[in-house]
1. How high is the relative contact order of the stretch 74-202? Use alpha-carbon pairs under 8 Å, at least six apart in sequence, and give a whole percent.
2. May I ask for the distance between the Cα centers of the stretch 111-138 and the stretch 282-345, given as a whole number of Å?
3. In Å, what Rg and Dmax follow from the Cα atoms of the chain?
4. Using the Karplus equation 6.51 cos²θ - 1.76 cosθ + 1.60 (θ = phi - 60°), what ³J(HN,Hα) coupling, rounded to whole Hz, does each residue of the stretch 229-236 give in order, writing x for Gly and Pro?
5. Stretched out fully, how many nm does the piece from ASN235 to LYS212 gain, at 0.36 nm a residue minus the Cα gap?
6. FRET efficiency for SER165 and SER266, Cβ-Cβ distance as r, R0 = 45 Å, nearest 0.05?
7. State the extension gain, in nm to one decimal, for the chain segment bounded by LEU132 and LYS276, taking 0.36 nm per residue of separation less the distance between their alpha-carbons.
8. Sort 145-153, 21-29, 173-181 for me by packing, meaning the mean count of neighbouring Cβ atoms within 10 Å per residue, highest on top.
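Every number here is computed from the coordinates shown, using simple stated rules; none is lab data. Note that the structure is predicted; figures quoted are calculated from it, not measured. No Cβ is skipped: glycine too gets one built from the backbone with ideal geometry, and neighbour counts run over all protein chains shown.
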Amino acid sequence: MAKVAEVVQLVGELAPGRLAEDWDNVGLQVGDLNQEVENVLLALDFNNEIFTEALDKNCQLIITHHPFIFNGIKSVDAQSESGKLIYGLIKNDISLFSAHTNLDIAEGGLNDYLIRKLDVENISVLKTTSSLNYYKLVTFIPEGSFKNVRDALYAEGAGKYKNYSHSGFYQQGNGNFRPLENSDPYLGQKDSLNQVNEYRFETIVAPENLDKVVKTLLREHPYEEPAWDLYQMENLKNEKGIGRIADLKEEIELQTLIEKIKEVYSIDQLKVVEQKNKIKRIALCSGSGADFIKDAYYQGADLYLTGDIKFHEAQTAEELGLSLIDFGHYGSEKFVRDLLAASLKTKASTKLNKELNFIKSELNTNPWTYK
């Protein structure tokens, strides 16, 4: 069986915890990283109904979008609702994990998943929350090992930039070295100046992939002391952020787009601020995105699609001449189950040679009903 730590690592590859907002509380909420896991329940929230569902489906791990524990806990009292649930998790050996704003922000995360449901192109970040430099990795590899080392680095994300992967440069040349008395050279003779045929290989590395790429280089490179250099690239940054903005492939009338949004996101009712009748550029933020109305406007959006919009926030959009659609907090985030199931199944099948089932919760945790 897989362990909780292995599943958590898969989630971290999709949505690294470091991307989460400072106020958020993501990661392991309750449980044991060494616990064995066969069935994983994927849900938007954690409550008593979800706990019961996990028991019924024999799940050893629950992964939610919304963190169950947001603030510090001073006591765990089995007479309180939260304490009762924590007790239940522990007594039944069920771990609880959350991926929240890190999943919203991550490339390939929830906001990318949502905006790609529309017919769009030129997707970019709506509001930047972090900006880190890319790196250039340069190493020297003996001819016989070049392909293996290069491909191992590519497999860990080296050479990946936007819509391109496996980007690198290599050139043949000669290297020389003298192994000293206590060395254990892969090639050449001790106490002699040796010359070998090598490839100089260079590639770019995103900051989130740097640690695993370097570890892979040191593990796969045949030399006892590989030669490698790392340069921070001032001209290339990796920007992460909340929300997405993109261009529709074809301009569309607002009313037509409203009907499409209902269909694509399986929503019966929408709250709409009607301003622009023709829509070409659309911004989107899952969950509660009212804080980014002006960001959508300044980036040239004709329409902003988000949830939890209040009266005065809707008036702000109206004053800016920005069409606005509130498709609900639950309306956007309910898709987290589909996203996690598809992504984690793929990652588990390629990286874990163990039986692991990802089960989408069947419960609707939306507190609102519409009459």
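1. 19 percent
2. The stretch 111-138 and the stretch 282-345 have Cα centres separated by 16 Å.
3. When restricted to the Cα atoms of the chain, Rg and Dmax are 24.9, 86 Å.
4. Once θ is set to phi - 60°, the couplings for the stretch 229-236 become 10, 10, 10, 7, 8, 6, 8, 9 Hz.
5. That pair, ASN235 and LYS212, stretches by 6.0 nm at full extension.
6. 0.85
7. Values: separation 144, 0.36 × 144 = 51.84 nm, distance 3.59 nm.
Additional length available on full extension: 48.2 nm.
8. Details: 145-153: 17.3, 21-29: 15.1, 173-181: 12.3.
The densest-packed peptide leads the list: 145-153, 21-29, 173-181.
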